[in-house]
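Participant: Next up is a structure, given as structure tokens.
The values are calculated or read from the model by the stated rules, or taken from the named source; none is laboratory data. Quick caveat: nothing in here was measured; it's all calculated off a predicted structure. Note: ideal-geometry Cβ built from the backbone for every residue, glycine included; neighbour counts use all protein chains shown.
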């Protein structure tokens, strides 16, 4: 090939590439310029510097350097900040679309906003309520502001399931009603659980959550439970509730998890609270507590540190908590699939704000920040791509425009996540000023009379 012809081919290729970029950018409605984008190569975080993110119809169309904005596009100057994909709350709770149990009418919208204010742009809701599917539809259609919702229906438990036959029929009812997955709660007999699992596999719907005592994690893994949440049943399986777990037992549990290709949702911060291993004074001092209704705050403050739930023997709380932390580290070291969740809103676990406490617990267990962010972003992307055809969790073309813009590098410190410069949710930009204004409004609405 002659030198002249080779140069001509290079020029033609460059022109075609430039034209392709121009086509994408000319259709963009929003550009976020001058940002450092955190991306993933496998489980390794990379920082792409001096990038521009182009968005159209709520979807990222291009991430590249030196892009030129069309005249009609909105341009957001990232000022050298860092972009991290929006977090997915893999074990969250979502209120009903209508007021219930004396809650204020605004409660659902406020809780949804608190997720967004902290960069949580997707929530896997793990307990269905009446009219909750309406929330999902309203958000998807743009009539309501909130994170993308993936919803489990009302739970399968010892009170809602009467027999294997009825359990299987209930699976079909949930599918027909439009729920995205099935929530497993304690109380199911083994034959009932197997009936749920078989029906779920037949119709192609995930089931996830707790592990009933009569079932055990070995059966849950064999039957194809998609996630075991709260590490439920792990310590019980090796009878390490009131004593230190051994290295051999940790290896056994890790090997079982990895072999089954099942994911875990640890929820370490919330579980420490539930079992009485948290610091009551520190919990009561969380500044975000004034963002939930007064009756919710008072319920939380009156609960802790009572004996509470029948799941736990709080006499051995410290041992259990140490075992849970060691188990999480072993699962991470062993290559198990871990996805991020906080079980908000629950005891002292305020939607969105709860991610900061969970990150702290995961760090204390020995997980590096990079790995923790992976569980909340790219790992969630893998989860939903496999079963829900939902492109979330990554900042790359073809994915929902869900991300947070941060002043500082979150890989250096989790404090960078505390007050995002802004949050992009399905292409809608929430800047810091509007977030602060909304949080002030919510605080005022839930202030104790006379304060």
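Participant: Filter the stretch 83-103 for residues that are touching a residue at least 60 places away in the same chain (Cβ under 8 Å) and either under 20 Å from the mean Cα position of the chain (by Cα) or under 18 Å from residue 344 (Cα atoms) (or both) and give the result.
Facilitator: Of everything in the stretch 83-103, those that are touching a residue at least 60 places away in the same chain (Cβ under 8 Å) and either under 20 Å from the mean Cα position of the chain (by Cα) or under 18 Å from residue 344 (Cα atoms) (or both) turn out to be 83, 84, 85, 86, 87, 88, 89, 90, 91, 92, 93, 103.
Participant: Working only within the stretch 63-75, note down all residues that are in contact (Cβ under 8 Å) with a residue 24 or more places away in the chain and either surrounded by fewer than 20 Cβ atoms within 10 Å (Cβ to Cβ) or not in a strand (DSSP E or B) (or both).
Facilitator: 64, 67, 68, 69, 70, 72, 73, 74, 75
Participant: Do we have any residue at all in the stretch 247-258 that's closer than 25 Å to residue 357 by Cα and surrounded by fewer than 23 Cβ atoms within 10 Å (Cβ to Cβ)?
Facilitator: Within the stretch 247-258, one or more residues are closer than 25 Å to residue 357 by Cα and surrounded by fewer than 23 Cβ atoms within 10 Å (Cβ to Cβ).
Participant: Follow-up. Quick one: would you say residue 332 is at pLDDT 95 or above, within 21 Å of residue 232 (Cβ to Cβ), assigned to a helix (DSSP H, G or I) and in contact with a helix residue (DSSP H, G or I) (Cβ under 9 Å, 6 or more places away or on another chain)?
Facilitator: yes
Participant: Considering only the stretch 150-166, I want to know if a residue exists there that is buried (at least 17 other Cβ atoms within 10 Å of the Cβ), in contact (Cβ under 8 Å) with a residue 60 or more places away in the chain and in a loop (DSSP other than H, G, I, E, B).
Facilitator: No, every residue in the stretch 150-166 fails to be buried (at least 17 other Cβ atoms within 10 Å of the Cβ), in contact (Cβ under 8 Å) with a residue 60 or more places away in the chain and in a loop (DSSP other than H, G, I, E, B).
Participant: For residues that are touching a residue at least 40 places away in the same chain (Cβ under 8 Å) and under 20 Å from the mean Cα position of the chain (by Cα), scanning just the stretch 208-234, find the one that is nearest to residue 181 (Cα to Cα).
Facilitator: In this case the residue turns out to be 208.
Participant: Return the residues of the stretch 430-451 that are within 18 Å of residue 351 (Cβ to Cβ) and either at pLDDT below 95 or touching a strand residue (DSSP E or B) at 6+ places or on another chain (Cβ under 8 Å) (or both); say none if nothing qualifies.
Facilitator: 430, 435
Here is a yes/no grid of residues against (1) within 14 Å of the chain's Cα centre (by Cα); (2) assigned to a loop (DSSP other than H, G, I, E, B); (3) in contact (Cβ under 8 Å) with a residue 12 or more places away in the chain:
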{"position": "371", "(1), (2), (3)": "no, no, yes"}
{"position": "379", "(1), (2), (3)": "yes, no, yes"}
{"position": "395", "(1), (2), (3)": "no, yes, yes"}
{"position": "411", "(1), (2), (3)": "no, yes, yes"}
{"position": "419", "(1), (2), (3)": "no, yes, yes"}
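Participant: Scan the stretch 29-58 for residues that are in a strand (DSSP E or B) and touching a strand residue (DSSP E or B) at 6+ places or on another chain (Cβ under 6 Å) and report the count.
Facilitator: So the count comes out to 20.
Participant: Determine whether residue 188 is within 19 Å of the chain's Cα centre (by Cα), in a loop (DSSP other than H, G, I, E, B) and either at pLDDT 95 or above or surrounded by fewer than 23 Cβ atoms within 10 Å (Cβ to Cβ) (or both).
Facilitator: no
Participant: Give the stretch 259-291 a look and list any residue that's in contact (Cβ under 8 Å) with a residue 24 or more places away in the chain, in a loop (DSSP other than H, G, I, E, B) and within 26 Å of residue 373 (Cβ to Cβ), or say none.
Facilitator: Within the stretch 259-291, 261, 262, 266, 267, 277, 278, 286 qualify.
Participant: May I ask you to list the residues in the stretch 381-393 that are closer than 19 Å to residue 36 by Cα and more than 16 Å from the chain's Cα centre (by Cα)?
Facilitator: Listed by number, the list is empty, since nothing qualifies.
Participant: For residue 84, indicate whether it is assigned to a strand (DSSP E or B) and over 27 Å from residue 295 (Cβ atoms).
Facilitator: So residue 84 passes the test.
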